[in-house]
Amino acid sequence: MDSLIVVLAFLALLLIVLAKTAVVVPQQNAYVVERLGKFAGVLDAGFHILTPFVDRIAYRLLLKEQAIDIPEQICITRDNVQVGVDGVLYLKVLNPERASYGISNYTFAIIQLAQTTLRSEMGRIELDRTFEERTNINISVVSELDKATEPWGIKVLRYEIKNITPPKDVLAAMEKQMRAEREKRATILHSEGVRDAAINTAEGDKQQVIKASEANKQQQINEAEGQAAAILTVATATAEGIRRVAESIGASGGFEAVQLRVAEKYIEQFGALAKTGNTFVVPANLADVSSIIGTAMAFIKKAEKA
């Protein structure tokens, strides 16, 4: 019976020793081992055997990239406006030894440092520029944190501002300002539209007047050319008629035909003159038709010779 108890005690002691000495480290983890209270090394992923009752695992660190929520805090901008700002920080443990012994709680320290750095950066800019300067603020926070955490073996990868919350009265004022700005832009656009419409109308009237004057000018040119062509045609026809009359007079019997024609016209016009009124003055040799015809024929002969 006593021997059985001894065996069971030995087995229990063996299990305890195995539990203390056999260690399996998961992937992307690092265990810091101390030997008799002093740093002995870092265990990477895999199976490891420790020295019983001498070595112990002091710290278990995660080597993956970690996202830490930065609680909302009140920051005062350059123009003395209080805004609530929160964010998220991404970091990674690069040196497990320094992360374990460089600082007692690196997560708490980084959160506090991120808040103080953010307050400092927000105090340098005005409220209206906080939204457009978010990228620059994030870069500045990461730069400052990376310098401070390098001795701790921590790498700060990036920082992102999640929300910037001004007070309600400031939000109402900003809304009124934005509404006034939109109304101003609408008024400016409307006035520019009216101005452009007036300019286009004036330009259209100008082009219309120019086109009308050009059309009138072309019309006058066409009418002048038409009148000139008509005059030329009439003159040509008249000249042709005179030429043919001259040819006819020079032909056989032409002179006698002219005498007959002159006599007929004389009698015709005299008769028409007598019909138009009761009183008129006649030449002294009105009855002497032959002398009048002779005078006309003498003139025709002179013209024919010329």
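The values are calculated or read from the model by the stated rules, or taken from the named source; none is laboratory data. The model shown is predicted, which means the values in this text are computed figures rather than measured ones. When we count neighbours, we look across all protein chains shown, and the Cβ atoms used for this are built from the backbone with ideal geometry, even at glycine.
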Original post:
Is it fair to say ARG124 is surrounded by fewer than 17 Cβ atoms within 10 Å (Cβ to Cβ), in contact with a strand residue (DSSP E or B) (Cβ under 8 Å, 6 or more places away or on another chain) and either among the polar types (S, T, N, Q) or assigned by TED's automatic domain parsing to the domain that holds ILE161 (or both)?
Top reply: no
Here the qualifying pairs (Cβ atoms under 6 Å; residues six or more apart or on different chains; first in segment 204-215 and at pLDDT 85 or above; second surrounded by 10 or more Cβ atoms within 10 Å (Cβ to Cβ) and not in a helix (DSSP H, G or I)) come out as none
Q.
For segment 132-139, check the following and say yes or no: at least one residue is closer than 18 Å to ILE74 by Cα, exposed (fewer than 11 other Cβ atoms within 10 Å of the Cβ) and in the same structural domain as GLU97 (by TED's automatic domain parsing).
A. no
Checked segment 73-100 for anything touching a residue at least 60 places away in the same chain (Cβ under 8 Å) and surrounded by 15 or more Cβ atoms within 10 Å (Cβ to Cβ); matches are VAL81, VAL83, VAL85, ASP86, GLY87, LEU89, TYR90, LEU91, VAL93, PRO96, GLU97, SER100
Q | Flag if LYS184 is under 30 Å from VAL81 (Cβ atoms), at pLDDT 85 or above and not assigned by TED's automatic domain parsing to the domain that holds VAL81 | A | yes
Matching residues in segment 139-162 (without any contact (Cβ under 8 Å) to a residue 24 or more places away in the chain and of a type outside the set (Asp, Glu)) number 5
